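The values are calculated or read from the model by the stated rules, or taken from the named source; none is laboratory data. Note that the coordinates shown come from a computational prediction; the quantities given were computed from them, not determined experimentally. Reconstructed Cβ throughout: ideal geometry from the backbone, glycine too, with neighbour counts over all protein chains shown.
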Amino acid sequence: MSDRIFLDTNILLYAILDVEIEKEKTNQIINILKDSTDQFVISTQVLIEITNQLFKNKVDDSNIKNHVDEIIEEFELHTVNSLLIKKAIFMKSKYKFSIWDSLIVATAIENKCEVLYTEDLHHGQIIEQSLKIINPFKK
């Protein structure tokens, strides 16, 4: 049985932005996404953050639209709602994460993901006895 894996913005950006200094990470993420049988999940927060980063990196509007269309087609997308914001406030208080990371964690848990791929949190940490934090670049 495959896992449900939530992808944080920073992880997905490696697959989109072809930055020469991050080539190894880019290739690693592309291979994970291409070769996996897991179900990858993102939220509207991740989609907005990616779009923002693409604008900051001066990607042209039509390419941004193409990336957004591809992401929506390829990944299971969940909307951030008031319930998730309330859960994020709880996560922030309990785990001392930023509100943005707390919202990612809350969304991953709410959508029954077993794993969260991110560089931002503690590799190997288990949250609420259900979500394992994995930095896919740690060996």
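Residue-by-condition table, conditions (1) more than 24 Å from residue 85 (Cα to Cα); (2) among the charged types (D, E, K, R); (3) at pLDDT 90 or above:
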position: 12; (1), (2), (3): no, no, yes
position: 20; (1), (2), (3): yes, yes, no
position: 28; (1), (2), (3): yes, no, no
position: 32; (1), (2), (3): yes, no, no
position: 36; (1), (2), (3): yes, no, no
position: 43; (1), (2), (3): no, no, yes
position: 48; (1), (2), (3): no, no, yes
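Residues considered: 65, 58, 34. Of these, the only one that is among the basic types (Lys, Arg) and either in contact with a Gly (Cβ under 7 Å, 6 or more places away or on another chain) or at positive phi (or both) is 58. I need the full set of residues from segment 19-74 which are closer than 20 Å to residue 112 by Cβ, surrounded by fewer than 17 Cβ atoms within 10 Å (Cβ to Cβ) and hydroxyl-bearing (Ser, Thr, Tyr), in order please. Within segment 19-74, 36, 37, 44 meet the criteria. For segment 97-118, the set of residues classified as outside any helix (DSSP H, G or I) and touching a Lys or Arg at 6+ places or on another chain (Cβ under 9 Å) consists of 98, 111, 112, 113, 114, 115, 116, listed by residue number. Scanning segment 68-113 for residues that are over 13 Å from the mean Cα position of the chain (by Cα), among the acidic types (Asp, Glu) and closer than 16 Å to residue 132 by Cα turns up just one, 110. Does residue 6 meet the test of being under 19 Å from residue 119 (Cα atoms) and either among the hydrophobic types (A, V, I, L, M, F, W, C) or in contact with a strand residue (DSSP E or B) (Cβ under 6 Å, 6 or more places away or on another chain) (or both)? Against the criterion (under 19 Å from residue 119 (Cα atoms) and either among the hydrophobic types (A, V, I, L, M, F, W, C) or in contact with a strand residue (DSSP E or B) (Cβ under 6 Å, 6 or more places away or on another chain) (or both)), residue 6 qualifies.
Quick check on residue 43: is it closer than 15 Å to residue 133 by Cα and in contact (Cβ under 8 Å) with a residue 12 or more places away in the chain? Taking the combined requirement at face value, the residue does not satisfy it. Scanning segment 125-139 for residues that are on the phi > 0 side of the Ramachandran plot and in contact (Cβ under 8 Å) with a residue 12 or more places away in the chain gives a single hit, 128.
Of all residues in segment 45-86, none satisfies the criterion of being of a type in the set (S, T, N, Q) and assigned to a strand (DSSP E or B).
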